[in-house]
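The block underneath contains the structure these notes are about, expressed in C-alpha cells.
The values are calculated or read from the model by the stated rules, or taken from the named source; none is laboratory data. This structure is a prediction, so every number in the text was calculated from the model and none was measured. Note that we place each Cβ from the backbone using ideal geometry, even for glycine, and neighbour counts take in every protein chain shown. Calculation scope for accessible area: heavy atoms of the full protein, side chains included, ligands and nucleic acids excluded. Shrake-Rupley method; radii C 1.70, N 1.55, O 1.52, S 1.80 Å.
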Amino acid sequence: MNVIDSYLDTLFDPYPRSTRMREARAELRAMMEDKQQALLGQGLSESQAVGRVIAEFGSLEEVAPELGIGPEVSGAAPQGPPLLSRSRAEDYVSAVRATRHLQALGVSLFVLCPVPLLGLLALASSSTTDPSHLAVLVGLIALLVMVTAGVLVLVLRGSRLGDFEDIEEGRFTPTQEIRDFAAELRREHRSRAAVAQGIAISLWILCAVPILVTALLSTGEDDTMPLYGVCLTLIMVAAGLWVMIRGAWGPSTAETLENECDEMPESSSNPVIRTIAAVYWPVCTAIYLAWSFISGDWGSTWIVWPVAGVLYGALWAVNSALHGSQPRSQAR
C-alpha cells in the first residue's frame, strides 16, 4: 500500500462506507495520482511529488464539493469514536509491555490463593484426626492476603494504564495505519506467543495428573494425598496463566488496537460474567470448607477443585461466545 492509499484511508475511515463514499474515494485517488504523475514529469522526486499532492488536496472537507459528497461530509461528520494516532498507540503498547507482569501476577494469585489453606489442612490432617483449628485459621488468613494482594496488583496495573482507558474500552476508531501497526506487532511476537501458548496448554492438560495420581496413591489411613494433588494442580494452572499472559501480550495488544479484543472473565464487558468471575474462587473455597467441616470427610471434598476448574473453563467459553457475538464498541 502506497502513501496515497494510506492518506485516503485516514481521510475516509471516520465516515460511513456507503457506495457514494467509495466512489468518491476512487475518484479522489485518480485525481491525486494524475497530479502526482504531472509533478514527476516536472522533475520532482516521488517523495516530493507525494508531499505536494497531499498538501494541495488538503482535508476531505475542502474537496468534498468537487467530489459531490458535501452533504455526506458536512451532515454526517465523522461518526463514532475519535481516530487513534500512531504515537498514542505506541505509548499504549509500551505501557502494556511494562505492566504485563502485573496482570500475570494478579491472575496467578487468584488461582493460587487456596494452596496455603489446602497444604496446611493436609499437613494437619496427616498427624491428627481432625484438621487443626490453627491450620485452618492460618490458611484462611493466607487466602485472604493473597486475594487482597491480587486485587491490589491489578489496581496498580489499572492505574498505570489509566491514561489509556479509552483504548482499553475500545472507545476509538482504528485507522489503516493503526491496523498495519497492530499487524506488525502481531508478527513480531507471533513465535513467542506460540511457544507460550504451547507451554500453557500443555500445563493445563497435564494439571489433572497430580489429582489422579494422588487419588490412586491415597489409602484409608492417609486420605490427605489428594489435597497435595489439588495444590499441584492449582500451581500448574497458575503457571500456565503466568506463561500465557506474559508471552502472548503482543497479539493480545494487537487485538485491542484493532478493536477486536478477546476478554478474560474478570474484565468482561458483561456485568454478570464479571461479577461471577470476581467472587468465583472465594465462593469455591467457602463451599469446600463448609462441606469439609460439616461432613468431616476431608479426603473426599477435594473433588470441589477439579470441578471448579472445569466450570471456570465453561465460564471463560461463555464469556468468549458473548463477546464474539457483538462488536467490541457495543460490548462496552
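Entry remark, the range 133-162: residues being of a type outside the set (A, V, I, L, M, F, W, C) and in contact (Cβ under 8 Å) with a residue 12 or more places away in the chain number 4 in total. Every condition in (1) surrounded by fewer than 18 Cβ atoms within 10 Å (Cβ to Cβ); (2) of a type outside the set (Val, Ile, Thr); (3) out of contact with any Asp or Glu (no Cβ under 8 Å at 6 or more places or on another chain) holds for LEU28 except the one numbered (1). Assessment of the range 58-74 against the conditions (outside any helix (DSSP H, G or I) and either at pLDDT 80 or above or surrounded by 14 or more Cβ atoms within 10 Å (Cβ to Cβ) (or both)) yields at least one matching residue. Being open to solvent by 70 Å² or more (accessible area, probe 1.4 Å), of a type in the set (A, V, I, L, M, F, W, C) and modelled with pLDDT of 90 or more is the requirement here; does TRP204 meet it? No; evaluated as a whole, the condition is false for this residue. For the range 1-49, how many residues meet the condition of being of a type in the set (Ser, Thr, Tyr) and either on the phi > 0 side of the Ramachandran plot or not in a helix (DSSP H, G or I) (or both)? Result for the range 1-49: 3. Filtered by the rule that a residue be of a type in the set (A, V, I, L, M, F, W, C), within 13 Å of PHE181 (Cα to Cα) and outside any helix (DSSP H, G or I), the range 82-103 gives a lone residue, LEU84. Taken together, the criteria exclude ARG171 from residues that are open to solvent by 60 Å² or more (accessible area, probe 1.4 Å), touching a residue at least 60 places away in the same chain (Cβ under 8 Å) and in a helix (DSSP H, G or I). The residues on offer are GLY250, GLY313, GLY240, and the sole one that is modelled with pLDDT under 70, under 18 Å from the mean Cα position of the chain (by Cα) and not charged (D, E, K, R) is GLY313.
Per-residue answers, yes or no, for (1) over 27 Å from LEU117 (Cα atoms); (2) assigned to a helix (DSSP H, G or I); (3) open to solvent by 70 Å² or more (accessible area, probe 1.4 Å); (4) touching an Asp or Glu at 6+ places or on another chain (Cβ under 8 Å):
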residue: ALA193; (1), (2), (3), (4): yes, yes, no, no
residue: LEU216; (1), (2), (3), (4): no, yes, yes, no
residue: LEU227; (1), (2), (3), (4): no, yes, no, no
residue: LEU241; (1), (2), (3), (4): no, yes, no, no
